[in-house]
Each structure stands twice: as C-alpha cells, then as structure tokens.
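The values are calculated or read from the model by the stated rules, or taken from the named source; none is laboratory data. All values derive from a computational prediction rather than experimental measurement. Here the Cβ positions follow ideal geometry from the backbone for every residue, glycine too, while neighbour counts run over all protein chains shown. With ligands, DNA and RNA removed, areas are computed over all heavy atoms of the protein, side chains included. Shrake-Rupley method; radii C 1.70, N 1.55, O 1.52, S 1.80 Å.
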Amino acid sequence: MGIIERIFGKQTKEEETMTTEKLNIGIILGSTRQGRVSPQVGEWVKGLADKRGDANYEIVDIADFNLPFLGTTDGTEPGIADWNAKLASLDGFVFIVQEYNHSITGALKNAIDFAREVWYDKAAGIVSYGSTGGARAAEHLRGILAEQKVADVRTHPTLSLFTDFVDGAEFKPQELHLDNVNAMLDEVVAWSGALRTLR
C-alpha cells in the first residue's frame, strides 16, 4: 500500500501500474574466466526462481558485454552502453559471487564501476561460493553495493567448494540450500518492490 493510498484510501494510476507489473530481477554472473562454474550456479538459482512466478528472472552475464578495464579507453565501446541499459531495465539483482583472494573478481568490480545511477535504489541478494562459502567476497560486495545505493538483503546462501561441487567443476548443490535461496528471493522481491516507489 502506497503513501497516497494510506492517506486517501485509493491508489493513483501510476501506483496501480507499479503494484501490478512484475519486477525484473537480473541474476548477475560474477566471473568471466575460462572454466568458470558461475553459469551452473546461476541457472540453478534461475530454475528455483522461475518456479515462484513472483517476478521475471533472467541471467545477466557480464562476459557478454566485453567491458574494457575502466579508465583504459575513451568509453565509447557499445558494451558499456548496453550494460547500463540492461541494468536500467532491472528492478533488483541476485549476484552469483565466487571468492578470489578473499574478495570478488576484478571483472565484477569493473562491471559495477562502469555504471552509477542505474544501480540506485534497487535491492540485491548474494549467492556466493568458495572454500569458506565465499563469505569474505560477499562481505566485500556488500560494501561496494552500499556505495552504489543498492540495498543488499540479509539472507545469504553460501555454497562450499568441498560439499556442493565435484572436483571444483561440477555443481551438485545440497538440498539444504533450497530454503535459503527461496528466503533470499523473498527478500529481494519485497525490497525491490518497495524501492521501485522511490524511482
């Protein structure tokens, strides 16, 4: 219920449209390296998300945008504009994050830095993996997202390289993660809907 509805007992047409249109949530793959497993994890999350029917979910692979290193070009590469347009079309995010040297990948940090206002007033969930469940990378990402005015949700599924992957290459998640993923998605959808009213 919007502020106007609470005060006057009805919604404006704009509010009605905002509350009936499905949210668009991007599942962002945070690695571009050869042999990465993030597509497997992303497709697993999307499969669980699509069963919910509460939003439109899509995989967003930063590798598809061929982003240069920030500050090394004149910034006219088409991938930069395409990346910003894609982010602008989304109401929220789920980041698939792998831990490299206690942090996120350089490719993900670079991609985040190539946008600004299109991040603002949106929500994000994090699904991480690594030797310690990717927890340290996720904590670094939270600080970065805060600077971009992205509200990260509390529930955080963590996947272990030792129990959720075979030989570090084949993703075989334990069933115990299902409740956490759905709880995280509940929060992302709720927060994304609330924050949409600010935009």
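Here are a few things to note about the model shown:
- Rolling a 1.4 Å probe over the protein heavy atoms gives the chain an accessible area of 51 Å² per residue.
- The Cα center of the range 45-86 and the Cα center of the range 133-167 differ in position by 18 Å.
- Residues Ser89 and Glu147, FRET efficiency given R0 of 25 Å [Cβ-Cβ distance, rounded to 0.05]: 0.70
- Carbon + sulfur, % of accessible area of the range 23-196 - ligands and nucleic acids excluded, 1.4 Å: 51
- In degrees, nearest ten, helix 135-147 long axis to first principal axis of the chain (Cα): 40
- Lysine pairs in the range 23-196 whose alpha-carbon atoms fall under 16 angstrom of each other, counting only those eight or more residues apart or on distinct chains, come to 4.
- Among 87-98, 109-120, 158-169, the order from most to least packed when residues are scored by Cβ within 10 Å on average: 87-98, 109-120, 158-169
- Taking each DSSP H run with n ≥ 4 as -39500 (n - 2.57) and averaging over every residue of the chain yields -12000 deg cm²/dmol at 222 nm.
- Beta bridges per DSSP with both ends in the chain, % antiparallel, nearest 5: 10
- Take the Kirkwood radius over Cα pairs of the range 23-196, plug it into Stokes-Einstein at 10 °C and 1.306 mPa s, and you get 99 µm²/s for translational diffusion.
- Residues in the range 110-138 that a label on Thr72 would reach, taking backbone N under 19 Å of a point 7 Å out along Cα→Cβ: 110-115
- Note on Glu43 and Gln174: the extension gain reaches 45.6 nm, defined as 0.36 nm multiplied by sequence separation minus the Cα-Cα distance.
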